[in-house]
C-alpha cells in the first residue's frame, strides 16, 4: 500500500519472454497487485512470468492475441474487482521507468486528478532518446488528439498511466478499443465524462534492443476513425448539459463500441503468487 491506498499495476505483454522477468522485478514493493496480462504470446512469456515469486502477482492469459487495449482492459477489470484505489499501466517491455511511478500516482492519490498520463516530451532532451519517426508521429497525433478531445495534454500515445476508480468507470473496460489507438479512445471517453486529466513528465526509454511492433498501414485508419469520432462527440457535447454528458459517460453502455473493436469478455486463465 501507499499512503493507505491499494495500488495495482497492469502489465500488458505480448512475446516479451526476454523482458517480462526484468519488468516484474522493477515494479516497486509498495504495489499490492501486479497483474500481468499475456495477450496470446507465442513464446515463454506466461511461463517466465508465472515463475516469479513477486508478492501479489497474477498472470492472466488471453488464449489468442486480441490487442494491447484488450490486454489492458482485462487488467482494469481485475483491478476493479480487487478494489484498487489507483491502477497504473506499465508495459511488459521494460520501456517505462519505475522511478516515475510515484510521480504518476501522486495527483490521483491526492485527488488532484482522475487520470495521470506520462509525457515523455516534458523530459529534458526527449528528442535525443526517442527515434525520429516515433517522435514526429507522436507530435502529430498529440496535436490531433488535443483537437479531438479538448485536453491540453501532450504525448497522447504514452501508455504509462494511472487511473482512479472514477476514471475506470468513465473508461468502461468492457467497451475499450482493443488495439493500437486505445490511448486516444481513453482520452475521448474521459473527456466525455469531464474527468480531470494531467500530464506528468516521464523518462523515455529506447534501448539498443528496442523494437516496434506497430505496422503503420494497420493503425492509420483505426486512428483516424477514433479521432474523427472523438471530434464529433466533442462537437455534440458542446450542445448538451455537461452534467448529462458526464452521467451518461459514467454509465458507459456496453453496446457503445462498434463490432470488431469491442473488447471480448471471454474467460482468461489465472495463476497467482502469494
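Total residues in segment 150-165 satisfying the condition of being more than 19 Å from residue 67 (Cβ to Cβ) and surrounded by fewer than 22 Cβ atoms within 10 Å (Cβ to Cβ): the figure is 6. With respect to the conditions (1) in a helix (DSSP H, G or I); (2) at pLDDT below 90; (3) within 16 Å of the chain's Cα centre (by Cα), residue 146 falls short on a single one, namely (3). Summed over segment 13-27, residues that are assigned to a helix (DSSP H, G or I) and either touching a helix residue (DSSP H, G or I) at 6+ places or on another chain (Cβ under 7 Å) or crowded, with 22+ Cβ neighbours inside 10 Å (or both) total 5.
Looking only at segment 166-177, decide whether some residue is part of a strand (DSSP E or B) and surrounded by 23 or more Cβ atoms within 10 Å (Cβ to Cβ).
Filtering segment 166-177 down to residues part of a strand (DSSP E or B) leaves none.
No, segment 166-177 contains no residue that is part of a strand (DSSP E or B) and surrounded by 23 or more Cβ atoms within 10 Å (Cβ to Cβ).
Given the condition over 25 Å from residue 176 (Cα atoms), touching a residue at least 40 places away in the same chain (Cβ under 8 Å) and touching a strand residue (DSSP E or B) at 6+ places or on another chain (Cβ under 7 Å), answer yes or no: does some residue in segment 60-72 qualify? No, because not a single residue in segment 60-72 is over 25 Å from residue 176 (Cα atoms), touching a residue at least 40 places away in the same chain (Cβ under 8 Å) and touching a strand residue (DSSP E or B) at 6+ places or on another chain (Cβ under 7 Å). When the test is whether a residue is more than 30 Å from residue 128 (Cβ to Cβ) and at pLDDT 55 or above, residue 194 passes it.
The listed residues are 133, 84, and the only one of them that is farther than 17 Å from residue 200 by Cα and more than 17 Å from the chain's Cα centre (by Cα) turns out to be 133.
The values are calculated or read from the model by the stated rules, or taken from the named source; none is laboratory data. Just so you know, these numbers come straight off a predicted model, no measurement behind them. Backbone-built Cβ (ideal geometry, glycine too); neighbour counts: all protein chains shown.
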